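Enquirer: Quick one: the structure is below, questions incoming.
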Amino acid sequence: ANRFSDFKKDDKIKELLRRGKTMGCFYVESPAMRMLLQKLRCEDYLTLVAASSIIRPGVASSGMMRTYIERFHAVRNGGGYSPIHPKMDELMKETYGVMVYQEDVIKVAHHFAGLTLTEADVLRRGMSGKYRSREEFERIKARYFDECRKRGYDEHVIDRVWFEIESFAGYSFAKGHSASYAVESYQSLFLKTHYPLEFMTGVINNFGGYYQTEFYFHEARMNGGKIEAPCVNRSSHLTSISGNILNMGFIHLKGLETQLA
């Protein structure tokens, strides 16, 4: 735990995040995520937690990602913004009135629209397609509109908030999920920052990640690594590292059996 609080204060990690130099790092290496980190000039844990959730399809495609970025910078620069409704802002102060986490759906349905917590949860599950009863879902949708009208909200506000709930809930992460993902991202970022070549060798040997292996070799080269072709004397089955030299493993030779390698 102490180690993690050190990671959060590490200026070099902050720099990597701000510039979106996160190839190979858990959950933050896709082009879309790297662009989001750059747009947010992300350099702290809470922003990364929100970014891990904002990048989900519902938030991004409904235009709420853009709204979040605009409001984030408005507040950072000492300005303000006009929320859909003051109540939305009050419920989601930390994320500038934008629904980012799955819990936000429940908060909005319960506190903004006055649905019971049980109904709010049916709404959340109904959105994610995990809920079987369509009629129940439609009934609660109707309740949402009735309750909001009773509370005297403008029709365009009611519609907009419903649109956000609808476009968002099926894809959203629970906050705890995003928070634990972000901790893992930080662990990867620490390794990438301080041991870039060893880390890229690990990523290459892991055969996971967002990109094909050649991109990770290129990233190692960009970090000062020298890539050597497979060599009978120096290579192993997997890629190995010595100093700043990465010896490509025999595993990368197509058709070469493990036994022979």
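The values are calculated or read from the model by the stated rules, or taken from the named source; none is laboratory data. No experiment lies behind these values; they were computed from the predicted model shown. Positions of Cβ are backbone-derived with ideal geometry, glycine not excepted, and every protein chain shown enters the neighbour counts. Just the protein is used for accessible areas: all its heavy atoms, side chains included, with ligands, DNA and RNA removed. Shrake-Rupley method; radii C 1.70, N 1.55, O 1.52, S 1.80 Å.
Enquirer: May I ask you to say which residue of A179, A174 is at pLDDT below 90, of a type outside the set (D, E) and open to solvent by less than 40 Å² (accessible area, probe 1.4 Å)? Break it down stepwise before answering.
Expert: On the way: A179 fails: at pLDDT below 90.
Going through A179, A174 in turn, the sole match is A174.
Enquirer: Something else now. Take the residues of the range 46-97 that are in contact (Cβ under 8 Å) with a residue 60 or more places away in the chain and within 21 Å of H111 (Cα to Cα): which is surrounded by the most Cβ atoms within 10 Å (Cβ to Cβ)?
Expert: If we take residues in the range 46-97 being in contact (Cβ under 8 Å) with a residue 60 or more places away in the chain and within 21 Å of H111 (Cα to Cα), then V59 is surrounded by the most Cβ atoms within 10 Å (Cβ to Cβ).
Enquirer: Separate question: Restricting attention to the range 9-23, which residues are surrounded by fewer than 17 Cβ atoms within 10 Å (Cβ to Cβ) and either at positive phi or in a helix (DSSP H, G or I) (or both)?
Expert: K9, D11, K12, E15, R18, listed by residue number.
Enquirer: Going by the conditions given, is L40 surrounded by fewer than 18 Cβ atoms within 10 Å (Cβ to Cβ) and either farther than 25 Å from G202 by Cβ or of a type in the set (S, T, N, Q) (or both)?
Expert: On the way: surrounded by fewer than 18 Cβ atoms within 10 Å (Cβ to Cβ): no; either farther than 25 Å from G202 by Cβ or of a type in the set (S, T, N, Q) (or both): yes.
No; evaluated as a whole, the condition is false for this residue.
Enquirer: Continuing with the same structure: Of all residues in the range 189-215, count the ones that are buried (at least 20 other Cβ atoms within 10 Å of the Cβ) and within 26 Å of D44 (Cβ to Cβ).
Expert: Final tally of qualifying residues: 8.
Enquirer: Can you name the number of the only condition in (1) touching a residue at least 60 places away in the same chain (Cβ under 8 Å); (2) assigned to a loop (DSSP other than H, G, I, E, B) that V157 fails?
Expert: Failing condition for V157: (2).
Enquirer: To continue, here is another question. Take the conditions over 19 Å from the mean Cα position of the chain (by Cα) and part of a helix (DSSP H, G or I) and apply them to K141. Does it pass? Write out each step before concluding.
Expert: Numbers: over 19 Å from the mean Cα position of the chain (by Cα): yes; part of a helix (DSSP H, G or I): yes.
The answer is yes for K141.
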